[in-house]
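Following: one structure in structure tokens, then a few remarks.
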Amino acid sequence: MADSERGVVRLWAERLWGDLKASTDANLLGLLRFLGLLYGPIDTSLPIDQAFRKALRNRLPARAGWREAFGGVTYLLFIVLVATGVLLSFYYRPSAEEAYQSVQHIVSGISLGWLMRDLHAWSANLIVIAVLLHMARVFFGGAYKPPRETNWLVGLLLLFVIFAFGATGYLLPWDQWAYWTTTQGVDVVGRLPLLGDWLGELLRGDPIVSGATLSRFFAVHVILLPWAALGLLMLHFTLLRKHGAAARARVQHGQAGAPANQGVPFFPHHLLRSMSVGVLVVAIAITAAVLRPRDVAPPADSAHPPKVLHSTWLVADVSRALFHYLGAWGFGAFLLLGLALVVLPVFDRSPDRRLRQRPLIAGLGFAFFLGFALSWAAGWRLRMTSSERELAPLTRPALAVDSARTASRAP
Amino acid sequence: MMRASRLLVIATVLLAAATRVEAQTTSQPSTAPATEPAKGTGHVGAARAWPTAGADEGNRCLVCHSAQREAASVGVHAEHGVRCVDCHGGDSTSRSLPGAHGNGFTGRLAKAEIARLCGSCHSDPNRMREYGLPTGQLAEFRTSRHGQLLFGQHDGDAPTCTDCHGTHIIYPPYDARSRVYPTSIPTTCARCHANAQRMQKYGLRTDQLEQFRTSAHGVTLFQKQDFAAPTCVACHGAHSALPPTRTSISSVCGGCHQLVAQAFNAGPHGTATRTGRLEGCLGCHGNHDTQRIADTTIAAQCDRCHGGDTRLHQVGIDLQRRMVRARSDLRSAEHAVERLAATGQRTADARFRYQSALTDYLQIAQVQHGLDLDRVEALEGRVSAGSIELDRMALTSEETRWEHKLLLLPVWFLALSAVALAGLSLRTVRRTGADEAP
């Protein structure tokens, strides 16, 4: 390129940049704050680029370290799920007739389609682990205490949204595992007292799980829940910015030997750390997707339950284990324990975040998280064997589980 | 006080009993408008007038014969208006005993007479046409061993119609309450044939039902409720019950197992059966305790007769080896189809190939009864080829998946580099003091 041409391009670029800066103001950065991509207050008196640089230098609370990364990891996995989900929806057909073949096509006919699908499935598992770790950190760190109660509530709603995402997405491949696990789950809901029948009908849209169910699950998964998640996330980040990240208990009591709000700046330290964690998480997700792909089971057959029912989502494992070992009442008790967490900030209002000061709460929390982990381990071992008797829809008394038997159709 | 209440209890009980009695005598089905009640018209064996559903007044037999009350409304004869007098004679309207037991009353009949009585309607095509029932039962029965004993030798222990079908409450064979419903037939026959005392006279064994229950046929019938399985009558005949002779056994089994019987008859064992040296199918399979012979025991079966002959012993071993291999090839073919499906490939073509292999495998089981070893070899070869082809398809698909693993190399290289760079950058930043508070 000749010098004069280079000069012209540079001039044009500078003009463009100047126009952009002049036409926006720092308030636009508020959107980035909403989306959780910036910390700290925005100085709206400055032009956008200077306000951006100033915001980047914002400092985190002291001693904020790796534990505080789980929230970000959850968010990253959510973004991965959204991105892979959008790509999948380019090819997926949400009807009972075409769903299975469209998934087959994605997995075998489209370049890197298998990666999108397996990454989506694995991220759905990893996000549950990440969100529970994040929740555990907040819980045991006492970061739900006033003035952060609303944020705790919003966080719990986000947890339910994540579970709902997984539950609705589970059905979409429309193979035997998807179909019959969903049938069992909706049957369980249908057996709740009072509202059970109505809820079951609402979820299914038909007396049995059918194309009607698929349609509404798809609509919830792809339209309803993303909006709910977006709204809740924005609220979550806003509240977080408003009250600031909760300092650790030792810092709070001046025991860390550093001023309370003199942590590392967001840029470059925290950003580099977050980025490292993020990169590793995505690498782990891709590794899991490659080494343990989500198989395509036989196509859904509403007349014949499969002989072996694999679970590909850990919440399904957990639910199944709870039912198997504790029955419906045990499952309900565990749910209540989880719901009790909602009202937690009402009872635990003291500003002291040390665990020692709140042993009962700590005990309850421990029970919940440990219970979850144990149920997952137990559910992992359970391989479901079905007979028509056990999986007869709608009128079964309880989920029964037999020991694994391999299917053999050869005479 | 005590006495009064006790009297009250007794009075209530009596009243209830009386009400019940009244209710039962008045609960007659009236399926036709009340007509003249039918009267018994004569001796046993003569054709009777058409039975008509009588009015309540017409069936006073039940006033005394209360044990038969249920039979007046339950069962196929009651439903079609056959009443007491139609078989026993007498006058059902009479209020006096001599009157009721007059008019050609036959009372309790002898066994041979029972058969003729039943036959008086059930062998008459004109009567049975309306119900679509066959009319050859009595004629067949006369030819059966039971009939020969009853009519020929006047043996009082031989069965007659009522011994199998019931006396007063009879259900049609398709009714699950019937004594001749498929799953009930074996126990009905066993009422006599499992009774050691009764069978001693004829020198018959009594363990047939016990054996049948454990047999493949018995399990299919009783546990799987599959009525394609034979009951006693399928092999022995129902009314013409006779044990099959040595030479006819294969034909009896071949009635259902047609292709197997064809192959068997064409082979050396068929020849042996025709010349009386082998009891047909029973030679290997047993009669009442018929079992499937597992692939892995074929050679042992052959050795039971041919163990002494080295060549035939080897034939048995070869046959077993081929069948076992064919089965395991079929299993791995099935597994290959599942592996293919799991990777997301379309499986219509693979399933078609599997069906071909399955058909070939099923033919081996039939063909080997004729000991056509060349054909067995050919079929086994085809099952094997099909299985190899499917395995190849599954393997190709899995190799594609394996190639996905190569992606991990660049991914981890980039990830670790990024982390390393971040770490270095962080260290530089710290060292140059860029993290001091502004």
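Roughly how big is the protein assembly as shown's charge dipole about its Cα centre, with Cβ charges of +1 (Lys, Arg) and -1 (Asp, Glu), in debye to the nearest 20?
2780
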Mind checking which aspartates and glutamates have their Cα closer than 18 Å to the Cα of residue A:54? Skip sequence neighbours fewer than 8 apart in that chain.
-> A:25, A:43, B:435, B:436
For the peptides B:385-394, B:172-181, A:105-114, what is the packing order when you average, over each peptide's residues, the other Cβ atoms within 10 Å and list the highest mean first?
-> B:385-394, A:105-114, B:172-181
Number of partner chain Cβ atoms within 10 Å, mean per residue of B:338-347 = 6
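Taking only the C-alpha atoms, wrap a convex hull around region B:209-340 and report its volume per residue in Å³ as a whole number. Provide the component values of the computation, followed by the final result.
Working: hull volume 18.9 nm³, N = 132.
Considering the Cα atoms of region B:209-340, their hull volume per residue is 143 Å³.
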Average partner chain C-beta neighbours within 10 Å, per residue of B:399-411?
-> 3
Pick out the long, greasy-scoring helices in chain A: whole DSSP H runs spanning 18 Å or more along their own axis by Cα, mean Kyte-Doolittle at least -1.0.
-> A:3-23, A:69-89, A:113-140, A:149-171, A:176-190, A:225-243, A:271-291, A:314-340, A:359-381
Mean Cβ neighbour count within 10 Å, used as a protection proxy, ranking B:148-159, A:178-189, A:134-145, B:125-136 highest first = A:178-189, A:134-145, B:148-159, B:125-136
Which log10 I(q)/I(0) values, to two decimals, does region B:321-391 give at q = 0.11, 0.27, 0.28 Å⁻¹ under the Debye formula with one point per Cα?
-> -0.26, -1.11, -1.17
Dipole magnitude of chain A about its Cα centre, charges +1 at Lys/Arg Cβ and -1 at Asp/Glu Cβ only, in debye to the nearest 20?
-> 1640
Calculated log₁₀ intensity ratio I(q)/I(0) where the Debye formula runs over C-alpha points of region A:310-370, q = 0.15, 0.17 Å⁻¹ | -0.58, -0.69
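More than 23 angstrom separation, counting every C-alpha pair in region A:1-120; what % is that?
Numbers: 4397 of 7140 pairs.
Of the Cα pairs, 62 percent sit more than 23 Å apart.
With helices defined as uninterrupted DSSP H runs, which ones in chain B have an alpha carbon span along their own long axis of at least 24 Å and mean Kyte-Doolittle hydropathy of at least -1.0? Could you put the intermediate results ahead of the total?
Numbers: long enough: B:2-25 (35 Å, 0.90); B:310-342 (48 Å, -0.56); B:348-367 (29 Å, -0.21); B:373-404 (47 Å, -0.60); B:408-431 (34 Å, 1.27).
Span-like helices in chain B: B:2-25, B:310-342, B:348-367, B:373-404, B:408-431.
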What nm value, rounded to one decimal, do you get for the distance between residue B:305 and residue B:140 when each label is placed 7 Å out toward the C-beta?
-> 3.2
In Å and whole numbers, how far do the C-alpha atoms of chain B stretch along each principal axis, longest first?
-> 128, 87, 46
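May I have the convex hull volume per residue, in Å³, for the Cα set of region B:215-265? Present the calculation step by step, with values, prior to reporting the outcome.
On the way: hull volume 4.4 nm³, N = 51.
Expressed per residue, the convex hull around the Cα atoms of region B:215-265 is 87 Å³.
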Cα centroids of region A:294-355 and region B:342-357: how far apart, whole angstrom?
-> 37
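When you have a sec, figure out the Kirkwood radius of the protein assembly as shown from all distinct Cα pair distances and drop it here in Å to one decimal? Can you show the working numbers first?
Details: mean 1/r = 0.0277 Å⁻¹.
So the Kirkwood estimate lands at 36.1 Å.
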Residues B:295, A:3, B:207 arranged by fewest to most Cβ contacts within 10 Å | A:3, B:207, B:295
First measure r as the distance between the Cβ atoms of residue A:304 and residue B:262, then evaluate 1/(1 + (r/R0)^6) with R0 = 25 Å and state the FRET efficiency to the nearest 0.05.
-> 0.15
Förster radius 30 Å - calculated FRET efficiency between residue B:417 and residue A:24, Cβ distance, rounded to 0.05 = 0.30
Just name one of A:158, A:142, A:120: the one whose Cα is farthest towards the positive end of the charge dipole of region A:97-214 (beta-carbon charges, Lys/Arg +1, Asp/Glu -1).
-> A:142
Using amide H atoms built 1.01 Å from N in the peptide plane, name the residues 5+ places from residue B:278, or on other chains, whose amide H lies under 5 Å from its own.
-> B:273
Excluding residues fewer than 8 positions from residue B:111 in its own chain, the lysines with Cα under 25 Å of it are B:39, B:201
Qualifying aspartates and glutamates (Cα of each under 16 Å from Cα of residue A:145; at least 8 residues distant if same chain) = A:348, A:352
Rg and Dmax [Cα atoms of region B:359-423; Å; Rg one decimal, Dmax integer] = 24.8, 79
Inter-site label distance for residue B:202 and residue A:223 at 7 Å from Cα along Cβ, in nm = 7.7
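Ratio of Rg to Rh for region B:175-281, alpha carbon only, Kirkwood?
Values: Rg = 15.4 Å, Rh = 15.2 Å.
Over the Cα atoms of region B:175-281, Rg/Rh equals 1.01.
Convert 20 °C to kelvin, take the viscosity as 1.002 mPa s, use the Kirkwood radius over C-alpha pairs of region B:299-438 as Rh, and evaluate the Stokes-Einstein diffusion coefficient in µm²/s, rounded to a whole number.
Diffusion coefficient, whole number: 109 µm²/s.
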Residues with amide H under 5 Å from that of residue A:59, placed H, sequence gap 5 or more | A:266
Prolate/oblate/rounded call for region A:106-240, Cα gyration tensor, a/c under 1.5 rounded = oblate
Using only atoms on other chains, find how many Cβ atoms lie within 10 Å of each Cβ of peptide A:114-121 and report the average.
-> 1
Check residue A:175: other-chain or 5+ apart residues with amide H under 5 Å from its amide H, H built from backbone geometry?
-> A:300
For region B:268-363, what is the convex hull volume of its Cα atoms per residue in Å³?
-> 124
With no solvent and one point per C-alpha, what does the Debye sum give as log10 I(q)/I(0) for chain A at q = 0.14 Å⁻¹?
-> -1.33
Distance in nm between residue A:43 and residue A:4 label points, each 7 Å along Cα→Cβ, equals 4.3
Here the Cα Rg-to-2.2 N^0.38 Å ratio for region B:120-211 is 1.20
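A short reminder: the numbers here are calculations on the coordinates, not readings from a lab. Quick caveat: nothing in here was measured; it's all calculated off a predicted structure. Backbone-built Cβ (ideal geometry, glycine too); neighbour counts: all protein chains shown.
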